[in-house]
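The values are calculated or read from the model by the stated rules, or taken from the named source; none is laboratory data. No experiment lies behind these values; they were computed from the predicted model shown. A quick note on method: Cβ atoms are made from the backbone with ideal geometry, for glycine too, and the neighbour counts reach across all protein chains shown.
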Amino acid sequence: MDESVILRCESLTQTYLSGGRELPVLKGITFDVAAGEFLAVLGPSGSGKSTLLGLLAGLDRPRSGRVTLEGQDLGALSEDQRARLRVEKVGFVFQSFHLIPTLTARENVQVPLELRGERAAAAAGDLLLRVGLADRGHHYPSQLSGGEQQRVALARAFVHRPRILFADEPTGNLDDATGAAVIALMTELNQQLGTTLVLVTHDHDLAARARRVIRLADGRLIADSAVA
C-alpha cells in the first residue's frame, strides 16, 4: 500500500432491511485519502454520507468491499480490535456534541487519553487553550453554549493526536458565525497537527473549506475533485 495513503475504501456496498426488503445504501464506492488531507464528503440527505463515514471509521461492516486504515483491513479485525484501533488512531466530531453531561469540559477532553491509560491533564489543558476555552474547563456542558460545547468536542477529538478525524455535520446545530469559527479552528488544527480530516456534510459552503470534495448521490460516488 502507498505510504502516503492513510485510508482506502474499495468497492464498498451497504444494504439495510426495510419492510422485509433489502435497501441498497452504498453502491460500489472506491477512493483513497492521503495522510494529512482535508476531504469533504458532500451530498444531500439520504445519499449515504453517514453510512459511508461509519464504514470508514470501522463502526460498521460493509455488505461487500474493503476499508483499509494505515494498512489494516478493518474487515479482518474483531469488534474489540476495531475498538482499540479507534481509541489509538481515530477522532470523532458529531453534530450533537456527545459530551458526557456529568463531566466538566476538562474531564470530557481527558476521556480519550484516560481510555489509553495515559496522563491527560496537561494535554487537555493545552487543547482547551487552543480552542479558546482555557477559562471554561471547570464548567459542565449544560453551562456552555452550543459553540462552546462543539469546541470542547473538538478538543476531545484532537487531544490524543489521532491519525484521522471524522466529522459528521459538525456545524449542524450551530448558527452560521459559530459554525464558521468551528470549521476554521478544525482546519487550523488539521494543519498544525497533521491530522487527516474527513468531513461529512450537505453544506456546499462548508465543503468548499476542504482541499478536496467527493460528491455522493443515491449511494454512488459521482464526482471527486480538488477545491480551487
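Values for this structure:
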| item | result |
| --- | --- |
| Breaking point among (1) of a type outside the set (Ser, Thr, Tyr); (2) over 18 Å from Met186 (Cα atoms); (3) in a loop (DSSP other than H, G, I, E, B), for Glu114 | (3) |
| Scope the stretch 97-154; condition more than 17 Å from the chain's Cα centre (by Cα) and aromatic (Phe, Trp, Tyr); matching residues | Tyr140 |
| Among residues of the stretch 163-196, those that are in a helix (DSSP H, G or I), touching a residue at least 40 places away in the same chain (Cβ under 8 Å) and among the hydroxyl-bearing types (Ser, Thr, Tyr), counted | 1 |
| Pick from the stretch 44-70, criterion among the basic types (Lys, Arg) and either touching a Gly at 6+ places or on another chain (Cβ under 8 Å) or crowded, with 19+ Cβ neighbours inside 10 Å (or both), ranking: modelled with the highest pLDDT | Arg66 |
| Residue count for the stretch 10-24, restricted to those that are free of Cβ contacts under 8 Å to residues at least 24 places away in the same chain and either touching a strand residue (DSSP E or B) at 6+ places or on another chain (Cβ under 8 Å) or part of a strand (DSSP E or B) (or both) | 6 |
| Of residues in the stretch 94-121 being small (Gly, Ala, Ser) and over 24 Å from Leu197 (Cα atoms), the one surrounded by the most Cβ atoms within 10 Å (Cβ to Cβ) | Ala121 |
| Residue match in the stretch 25-43 (condition: loosely packed, with under 14 Cβ neighbours inside 10 Å, assigned to a loop (DSSP other than H, G, I, E, B) and not hydroxyl-bearing (Ser, Thr, Tyr)) | no |
